[in-house]
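Right, one structure below, let's go through it.
Just so it is clear, none of the values below were taken in a lab; they were calculated from the coordinates. Just so it is clear, the model here is predicted, and its values are computed rather than measured. For neighbour counting, all protein chains shown are included, and Cβ atoms are generated from backbone atoms with ideal geometry for every residue, glycine included.
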Amino acid sequence: MSNKGKFYMTTAIAYTSGKPHIGNTYEIVLSDCIARYKRLEGYDVYFQTGTDEHGQKIELKALEKGVSPKEYVDDIAGQVKAIWDLMNSSYDNFVRTTDEDHEKQVKKIFKKLYDKGDIYKGAYEGLYCTPCESFWTESQLVDGKCPDCGREVQPAKEEAYFFKMSKYADKLMEYYEEHPEFIQPVSRKNEMVNNFLKPGLQDLCVSRTSFKWGIPVDFDPEHVVYVWLDALTNYITKIGYDADGNHSDLYKKNWPADVHIIGKDIVRFHTIYWPIFLMALGEPLPKKVFGHPWLLVGDGKMSKSKGNVIYADDLVKIFGVDAVRYFLLHEMPYENDGSISWELVVERNNSDLANTLGNLVNRTISMTNKYFDGVVTDGKAEEEVDKDLKAVVTGTVAKVSAKMDDYHVADGISEIINLFRRCNKYIDETTPWVLAKDEANSARLQTVLYNLTESICIGATLLESVMPDTAKKIFNQLGAKPRSFDDLDKFGLYESGTKVTDKPEILFARFDVEEVYKQVEELTASQKTEEVASEEGGIDIEAKPEISYDDFMKMQFQVGEIIKCEKVEKSKKLLCSQVKIGSQVKQIVSGIQKHYSPEEMVGKKVMVLVNLKPAKLAGVLSEGMLLCAEDEEGNLSLMTPEKTMPSGAEIC
């Protein structure tokens, strides 16, 4: 494979104010897809992401939780990283702005810019938006509120250091003109020029004294470095930039960045503040900043107050990682906002993944097993219809690469799906089931199945950047390996005589919208319970006398499976369950009729105290006890194993 040189890319660093929702998660999935495709093309990719962890908003949230700011950001940064890892993102470095090496360099950068005369001390009086951590003038407000987030602003006055933005405004405009590709899409560039550069840049506040959770200014410790000078510099500090000039080899190799992938709401900071900071430091500017659109629910942004937030881990629990990755990447336009709903995810999963892709792979392998004992052979019995299939398949590579290079990722994915659709059409055109009826058509049937297998291999290689696990499953089933990029436009490299799996796996199940909504309701109810418990700090109950370890060891707990359940006659509280525990079945009576119906009970795996002395309840013998949790309102929940466990498994 050809080596095309380095490719350094970053995401914006996620602000640690809370768990990222699916709209936030889109950025890491988009960036990962680009990184994986660049690696396929032969680039030496360095992919950086991470978290932004300082500021007044964090300080206030930590205070509300009763923890230190560091404890708070440690927790949220862990949640962010867990979501990024869940989505199978292949980043090379996860940065945190509380990292010691970053904080050290930010202090040095601040001092360097101060010594140069680009930072000066003054005072700020204006209107402040805490969520955005931004100062505004009266004229900049929209309906009296923050122009970025629409929230209330408060008057604020404090001593601060300022950066001389206007000093570099003309130089930045020049850079825009000389590098028309710098800001993508172009509409974002027009916004920056017309809304900010032409009206004139105001000097930027780069320190604060009204809170302490930030990086202290070395020579004036009452001040902490303000968010953007701290956060933006992570793109250089975390690859080894040194303000004294002793840069690491990693920095020398990778800077300038090839692309910053960011949300459209922070384009201003990345295309005005950030390049001006770099100009002041004497460092090259990034080659491109891509401001992607937002993922909306209906017509609006996600917010907890609206109750419309969707999280990646909830989607994954129902659809799986690759189906969620596919939806995010396929449904987001290049420039305009995208939309997500549970119905849309179901529709896209069923149409593209289950029907078009999954069905194609399953049919091809099943027919190969049925007609040729799983052996794929090139029968070399070509016909005219094969030429069009091959042209579509080999021609897809250039189309996908062109779209990916311009960050039109959704369009690139559509080209891959079109390849698989062409394969399905080819099956209809060649009718393998008809060919199989006549032995004389054996070579032709072999050729058809070979062409399908080869086409799937090429398509799966292109698909790897979108759905890495699915691509791996396809190759494993076909007994093949991903194709090198240089060979993707060559048809016929699948080794004739290769045996496919004799047990093809269903890649994607079809979903019913109503069933999905039932699962969503269960997830939502579970999360609300967790949130209430978290907010209230849990439940305290009256302590019982201590027991010894020997006392505890006398109790035998096992996993039981409820195989039958019915109401106890003449009782409004009791249910009688037949519980399979290993090879035995015990009858257990429980006072949970208010909380569970007999139908709900059947099939549940439960925690059972099995050596409790038998007793009669309402005249019915009970041979054990089902364990439940109870909240302050008396609601009961059966204790069930977190993972699948066999009946009879000991609980210890």
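Could you tell me which label, among (i) 29.2, 114; (ii) 29.0, 86; (iii) 30.5, 91, carries the value of Rg and Dmax of the Cα atoms in Å calculated for this structure?
Looking at Rg and Dmax of the Cα atoms in Å for this model, the match is (iii).
About its Cα centre, what dipole magnitude does the stretch 341-499 give when the only charges are +1 on Lys and Arg Cβ and -1 on Asp and Glu Cβ, stated in debye to the nearest 20? Walk me through the numbers before you get to the answer.
Numbers: 19 positive and 25 negative charges, 73 e Å.
Here the size comes out at about 360 debye.
Roughly how big is the stretch 347-417's charge dipole about its Cα centre, with Cβ charges of +1 (Lys, Arg) and -1 (Asp, Glu), in debye to the nearest 20? The partial results should precede the final answer.
Details: 8 positive and 13 negative charges, 42 e Å.
Dipole about the Cα centre, nearest 20: 200 debye.
Among DSSP beta bridges lying fully in the chain, give the percent that are antiparallel, nearest 5. It would help to have the intermediate numbers written out before the result.
On the way: 50 of 72 bridges.
Just about 70 percent of them are antiparallel.
In whole percent, what relative contact order does the chain give with Cα contacts below 8 Å and a gap of six or more residues?
Values: 1069 pairs, mean separation 71.1, N = 652.
Normalised by residue count, the contact order of the chain is 11 percent.
Using the per-residue mean of other Cβ atoms lying within 10 Å as a proxy for protection, in what order, highest first, do the peptides 22-33, 637-648 fall? Don't skip to the answer; put the middle values down first.
Values: 22-33: 24.0, 637-648: 12.6.
Ranked from most to least packed, the peptides come out as 22-33, 637-648.
Beyond a 29 Å Cα-Cα separation, which of these cross-linked pairs lie in this structure: Lys145/Lys518; Lys57/Lys301; Lys57/Lys121; Lys38/Lys370; Lys554/Lys580; Lys317/Lys499? Write down the numbers at each step before the final one.
Details: Lys145/Lys518 39 Å; Lys57/Lys301 20 Å; Lys57/Lys121 24 Å; Lys38/Lys370 39 Å; Lys554/Lys580 21 Å; Lys317/Lys499 33 Å.
Check vs 29 Å cut-off fails for Lys145/Lys518; Lys38/Lys370; Lys317/Lys499.
From zero outward in steps of 5 Å, how is the percent of C-alpha pairs of the stretch 549-651 spread across the bins?
2, 13, 24, 25, 21, 11, 4, 1, 0
Just need the relative contact order of the stretch 355-469 here, percent rounded to a whole number, with Cα pairs under 8 Å and 6+ apart. Please list the in-between numbers first.
Working: 100 pairs, mean separation 45.7, N = 115.
It comes to 40 percent, rounded to a whole number.
Go ahead and estimate [θ] at 222 nm for the chain from helices alone: -39,500 (n - 2.57) per DSSP H run with n ≥ 4, summed, over the residue count, rounded to 500.
Working: 22 runs with 259 residues, N = 652.
Only helices count here, giving -12500 deg cm²/dmol.
Could you run the Karplus curve 6.51 cos²θ - 1.76 cosθ + 1.60 with θ = phi - 60° over the stretch 255-271 and give me ³J(HN,Hα) per residue in whole Hz, x for Gly and Pro?
Here the 3J(HN,Hα) series is 7, x, 4, 7, 7, 9, 9, 9, x, 4, 6, 10, 4, 4, 5, 8, 10 Hz.
Can you give me the relative contact order of the stretch 166-225 as a percent, contacts being Cα pairs under 8 Å and 6 or more apart? Working shown, then result.
On the way: 36 pairs, mean separation 16.3, N = 60.
Computed value for the stretch 166-225: 27 percent relative contact order.
Rank these for me by crowding, Tyr235, Tyr124, going from fewest to most other beta carbons within 10 Å. Intermediate results must be reported in sequence, preceding the final value.
Details: Tyr235 25, Tyr124 18.
Fewest to most other Cβ atoms nearby, the residues stand as Tyr124, Tyr235.
Taking the Cα atoms of the stretch 341-499, report the difference between the largest and smallest coordinate on each principal axis, in whole Å and largest first.
Principal extents (Cα only, largest first): 49, 36, 28 Å.
Take peptides 139-151, 279-291, 164-176 and line them up by average Cβ neighbours within 10 Å, highest first, as a rough protection proxy.
Details: 139-151: 12.6, 279-291: 18.3, 164-176: 15.6.
Averaged packing, sorted descending, gives the order 279-291, 164-176, 139-151.
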